[in-house]
Amino acid sequence: MRRGKESSHNMEAKGWAWFAPAEQAETAALEGVPQDVARAAAKCFGEGDGAQVLAYLREITIERRPGPEASDALLRHLEGQRFIVACIDKLIRRGREGP
């Protein structure tokens, strides 16, 4: 238990600095992704059938709101799914607009 208290104390001492905003995490996850991969994502998911698939993925991840009975494991799993969909969105933007 003592270790947990120390970890909690360290986080409190640093404020929210330990928590990277989602935008920073997405940007970091996409560092080093070649522009041709971003263009491929834009081509694949940017319109038509791909856009329809991406809309469905948004619906079942980003727009999903589990109730208060949701387990920690479910919430973590859902956040991972949301992160992937957000990365695809960011790849599409990068593919259209450039780095």
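The values are calculated or read from the model by the stated rules, or taken from the named source; none is laboratory data. All figures in this text were calculated on a predicted structure; none of them were measured in a lab. Please note: Cβ atoms are built from the backbone with ideal geometry, for glycine as well, and neighbour counts cover all protein chains shown.
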Would you tally the residues in segment 82-99 being under 14 Å from the mean Cα position of the chain (by Cα) and more than 20 Å from Thr61 (Cβ to Cβ)?
-> 0
State which residue pairs qualify: first residue in contact (Cβ under 8 Å) with a residue 24 or more places away in the chain and closer than 19 Å to Gly48 by Cα and inside segment 74-99, second residue surrounded by fewer than 17 Cβ atoms within 10 Å (Cβ to Cβ) and of a type in the set (Lys, Arg) in any location, beta carbons under 8 Å apart, and separation of 6 or more residues or different chains.
-> Val85/Arg58; Gly95/Lys43
Which of the residues spanning segment 31-46 are loosely packed, with under 11 Cβ neighbours inside 10 Å and either more than 16 Å from the chain's Cα centre (by Cα) or not acidic (Asp, Glu) (or both)?
-> Gly32, Pro34, Asp36
Go through the residues of segment 71-84 one by one and say whether even a single one is outside any helix (DSSP H, G or I) and either basic (Lys, Arg) or at pLDDT 95 or above (or both).
-> yes
Inspect segment 56-63 for any residue being closer than 18 Å to Glu97 by Cα, assigned to a loop (DSSP other than H, G, I, E, B), at pLDDT 70 or above and not β-branched (Val, Ile, Thr) and give the result as yes or no.
-> no
